Amino acid sequence: MNQASSVTPPPTRMSSSPLKETAISIIWLLCALFAVVTVFFILLYLVWDGLPLFNEYGLWPFLAGVTWSPTFDPPAFGILPLIVGTLLVTAGSMVVAVPLSIATAIYLSEVAPYRVKVLVKPAVELLAGIPSVVYGFFGLIVLVEWLRVTFDAPSGESMLAGSILLGIMALPTIISVSEDAINSVPREFREGSLALGATRWQTIRQVVVPAALSGITAAIILGMGRAIGETMAVLMVTGNAAIIPSPITNVLSPVRTLTGTLGIEMGEVAIGSLHYHALFALATVLLVITLIVNLGASMILKRLNARATGRAHAGRTVLESIFRHPATSAAPIALVALLVVAVIGSMGGPYYAGAALLVVAVLALVVPRLSRARSQQLAFLLIYAAVGAVLLILAIILFDIISKGLPALSWEFLTSSPRDLGREGGIFPAIVGTLCLVAGSIAFALPFGVGAAIYLVEYQRDNRLTRTIRTGVDLLNGTPSIVFGLFGFAFLVLFLGFGVSMLAGQITLGLMVLPTIIRTTEEALKNVPQSLREGSLALGATRWQTIGRVVLPPAAPGIITGMILSIGRAAGETAPILFTAVVFSQRYLPSSVFDPVMALPYHLFILTTNVPGSETNKYGTALVLIMLVVAIYAVAIVVRNRYHTTMRL
């Protein structure tokens, strides 16, 4: 008896009252519901502030009107040119991004040796880490000028510039999701195809890609959502003319997007005016479009995950048969070819269009007659060319910014305040302001994000409530950053009276990064073996004791990775802090959370668009911002790799 009692653990160490356990579970439930409530609150708040415009101007004239002139007398609030501009730039970006992305995903999944893959994949992830304002800066300084000279146009700021830039920005999203979809195809599919005598390319084209088609489709839709919601890059390179191009294929015409209009006009509008309410109505339309796009992607991904069921298998069989049919499989290629011919004709005239059409016709006749070996060689050559193009894009961007930004870097530049509108001096207040905004946003989002993930993984099975919460998280993740900024301005700055302040910016950024923390924490918790939980519960531990002492410690690296990724995203964003937190120049550091701050992304935006003669300092600012964000993402990659190595051991 004495020996038995000596090995029995003290009951107080494992005891926990039912009331405490219930209270903890309620706290995590509230954290999980926070994301859902936030989405609906943002939508309702935008609709509420947009209602005066709908009541006075009408819904149909607003959606179908062809003139956007809010400062004219009488004002006109037709957003059709803005919708058309958004759709044209998005469609153009997909023409750029989809072929390069799918080819790169195929290369990483099916072709690349391991040693090459470990180099190419971080390079693709590096594209995702470059802040949008840096893309806009590069586009305005380099891409726009190149287009102007190449096509002898009055200005390079055009639909084409926006399409190319957004296509580059959408590459990492489409590549990552497509690669995951291709990797999820069972290995037996490939082995069976090869055993029947198919070549590697035939296996990829007729077996692997059709089986992964749902995931690839979702990747493209997510890429479209990324393009539709982008603000700073398109604002800087599209010319911002609220017109419908004539002809519609005139890619050198300037256009204006929904997000660009919000970014340009919200900072100067009279609060409470009809123009003010029109911008909120416009933001409502933008949010509805992006929610529809992201819901579509979520539905497709859910169908992909349900492939084990007979219904999903039947739907996939239909998709595969359609994809493999010669007529329908050639249709997308023919459509893209005709689109390219139309674009070339709009830029260079009928002679260039005729030459392009002749090339397409020759290829259509020659390619089907190639042998299997030649077809595979040609296909792999195109895949290598696509991967090379992606890496070349990254190299050009980094080389331009690094080569021209290095001369600006000095101790004075990093530790002094700006002078002469940023042409002289340094960026120290902007660095400190960026770090303060990031720290505050993580402090706000991390408890809610981790708590929501704990509830979804540890307290509830898959049911209607968890599906609703995950849908809310997905929708919050797909909300454009400019919508967060607009909501923060209306609710935090004006309604709650925070003013343009560090606190308003921190909360706005925290709402934006919340879905990233939830998703990464959820994945980290799912990777903890279920046997650890069962063993802890079998020894008498309560659920919360099991979570706190058994589950969270091994999941900590994954949670830290999500936090680091959130830090990187928050550090590089401009649109959410545009109206909530930042000023361009400030000699002294903020002394309170209710003071405005400088920030590197906003400082770079103003230097690029409003301060001539600041060439050296804007390149230096861009380089410092890239170094900061890339260093953060590099830490996340290292933590992820070490975590995966530890899990394998």
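The values are calculated or read from the model by the stated rules, or taken from the named source; none is laboratory data. Remember, predicted model here, so these are calculated numbers, not experimental data. For neighbour counting, all protein chains shown are included, and Cβ atoms are generated from backbone atoms with ideal geometry for every residue, glycine included.
Residues Ser585, Ser592: which one is touching a strand residue (DSSP E or B) at 6+ places or on another chain (Cβ under 9 Å) and either under 17 Å from Leu398 (Cα atoms) or polar (S, T, N, Q) (or both)? Exactly one residue qualifies, and that residue is Ser585.
Listed here are the residues, each with its yes/no results for (1) basic (Lys, Arg); (2) in contact with a strand residue (DSSP E or B) (Cβ under 9 Å, 6 or more places away or on another chain); (3) touching a residue at least 24 places away in the same chain (Cβ under 8 Å); (4) part of a helix (DSSP H, G or I).
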site: Leu406; (1), (2), (3), (4): no, no, yes, yes
site: Glu412; (1), (2), (3), (4): no, yes, no, yes
site: Leu421; (1), (2), (3), (4): no, no, yes, yes
site: Ile431; (1), (2), (3), (4): no, no, yes, yes
site: Thr434; (1), (2), (3), (4): no, yes, yes, yes
site: Leu437; (1), (2), (3), (4): no, yes, yes, yes
site: Ser441; (1), (2), (3), (4): no, no, yes, yes
site: Phe444; (1), (2), (3), (4): no, no, yes, yes
site: Gly449; (1), (2), (3), (4): no, no, yes, yes
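Among the conditions (1) surrounded by fewer than 19 Cβ atoms within 10 Å (Cβ to Cβ); (2) of a type in the set (A, V, I, L, M); (3) modelled with pLDDT under 90; (4) touching a Gly at 6+ places or on another chain (Cβ under 9 Å), Leu63 misses just one, which is (3). Evaluated against (1) touching a Gly at 6+ places or on another chain (Cβ under 6 Å); (2) β-branched (Val, Ile, Thr); (3) more than 19 Å from Gln460 (Cα to Cα), Thr521 falls short on exactly one condition, (3). In summary, Val124 fulfils each of the numbered conditions (1) touching a Gly at 6+ places or on another chain (Cβ under 8 Å); (2) closer than 30 Å to His603 by Cα; (3) of a type in the set (Val, Ile, Thr) with the single exception of condition (1). Screening Thr609 with (1) part of a helix (DSSP H, G or I); (2) buried (at least 24 other Cβ atoms within 10 Å of the Cβ) gives one miss only, at (2).
Listed conditions (1) within 12 Å of the chain's Cα centre (by Cα); (2) closer than 14 Å to Ala91 by Cα; (3) among the hydroxyl-bearing types (Ser, Thr, Tyr) are all met by Ser163, apart from (1).
Checking each residue in the range 30-42 for being over 20 Å from the mean Cα position of the chain (by Cα) and crowded, with 19+ Cβ neighbours inside 10 Å picks out Cys31, Ala32, Phe34. Screening Tyr57 on (1) without any contact (Cβ under 8 Å) to a residue 24 or more places away in the chain; (2) in contact with a strand residue (DSSP E or B) (Cβ under 8 Å, 6 or more places away or on another chain); (3) not hydrophobic (A, V, I, L, M, F, W, C) shows it passes everything except condition (1).
Taking each residue of the range 491-516 that is more than 15 Å from Glu573 (Cα to Cα) and without any contact (Cβ under 8 Å) to a residue 40 or more places away in the chain and looking for partners that are of a type in the set (A, V, I, L, M, F, W, C) and part of a helix (DSSP H, G or I) with beta-carbon atoms closer than 9 Å, six or more apart or interchain, yields Leu496/Ala504.
Quick check on my filter: what residues within the range 394-416 are in contact with a Leu (Cβ under 9 Å, 6 or more places away or on another chain) and either more than 24 Å from Leu140 (Cα to Cα) or acidic (Asp, Glu) (or both)?
Of the residues in the range 394-416, the ones in contact with a Leu (Cβ under 9 Å, 6 or more places away or on another chain) are 394, 397-398, 401-402, 404-406, 408-409.
Residues satisfying the conditions do not exist here.
Can we say Leu475 is part of a helix (DSSP H, G or I), touching a strand residue (DSSP E or B) at 6+ places or on another chain (Cβ under 8 Å), among the aliphatic types (A, V, I, L, M) and buried (at least 17 other Cβ atoms within 10 Å of the Cβ)? Considered against the rule, which asks whether it is part of a helix (DSSP H, G or I), touching a strand residue (DSSP E or B) at 6+ places or on another chain (Cβ under 8 Å), among the aliphatic types (A, V, I, L, M) and buried (at least 17 other Cβ atoms within 10 Å of the Cβ), Leu475 comes out as no.
Only one entry of Leu600, Leu565 meets the criterion of being hydrophobic (A, V, I, L, M, F, W, C) and more than 20 Å from Ala445 (Cα to Cα), and that entry is Leu600. Applying the set (1) closer than 22 Å to Tyr45 by Cβ; (2) modelled with pLDDT of 90 or more to Asp474 leaves exactly one unmet item: (2). Residues that are modelled with pLDDT of 85 or more and surrounded by fewer than 24 Cβ atoms within 10 Å (Cβ to Cβ) were ranked within the range 119-131; the one that is nearest to the chain's Cα centre (by Cα) is Leu127. Residues that are over 13 Å from Thr516 (Cα atoms) and surrounded by 24 or more Cβ atoms within 10 Å (Cβ to Cβ) within the range 440-454 comprise just one, Ile454. Selection of the range 536-563 for residues being touching a residue at least 60 places away in the same chain (Cβ under 8 Å) and either surrounded by fewer than 17 Cβ atoms within 10 Å (Cβ to Cβ) or within 20 Å of Val635 (Cβ to Cβ) (or both) yields Leu539, Gly540, Pro557, Gly558, Ile559, Ile560, Thr561, Gly562, Met563.
Considering the conditions (1) assigned to a helix (DSSP H, G or I); (2) touching a Pro at 6+ places or on another chain (Cβ under 9 Å), Ile83 is excluded by exactly one of them, (2). Every test in (1) surrounded by fewer than 24 Cβ atoms within 10 Å (Cβ to Cβ); (2) without any contact (Cβ under 8 Å) to a residue 60 or more places away in the chain is passed by Ala212 save one, and that test is (1).
One residue is enough: does the range 613-632 have a residue meeting the conditions among the small types (Gly, Ala, Ser), within 21 Å of the chain's Cα centre (by Cα) and surrounded by fewer than 24 Cβ atoms within 10 Å (Cβ to Cβ)? So far as the range 613-632 goes, yes, one or more of its residues are among the small types (Gly, Ala, Ser), within 21 Å of the chain's Cα centre (by Cα) and surrounded by fewer than 24 Cβ atoms within 10 Å (Cβ to Cβ). Within the range 240-253, can one find any residue that is at pLDDT 90 or above, touching a His at 6+ places or on another chain (Cβ under 8 Å) and either surrounded by 23 or more Cβ atoms within 10 Å (Cβ to Cβ) or closer than 21 Å to Leu486 by Cβ (or both)? So far as the range 240-253 goes, no, none of its residues is at pLDDT 90 or above, touching a His at 6+ places or on another chain (Cβ under 8 Å) and either surrounded by 23 or more Cβ atoms within 10 Å (Cβ to Cβ) or closer than 21 Å to Leu486 by Cβ (or both).
Apart from one condition, Gly449 fits all of (1) small (Gly, Ala, Ser); (2) within 30 Å of Tyr588 (Cα to Cα); (3) in contact with a Leu (Cβ under 7 Å, 6 or more places away or on another chain); the exception is (2). Among the candidates Val234, Val288, the residue that is crowded, with 24+ Cβ neighbours inside 10 Å and either outside any loop (DSSP other than H, G, I, E, B) or more than 23 Å from the chain's Cα centre (by Cα) (or both) is uniquely Val234. When the range 157-198 is filtered for residues that are at pLDDT 90 or above, part of a loop (DSSP other than H, G, I, E, B) and of a type in the set (Gly, Ala, Ser), only Ser158 remains.
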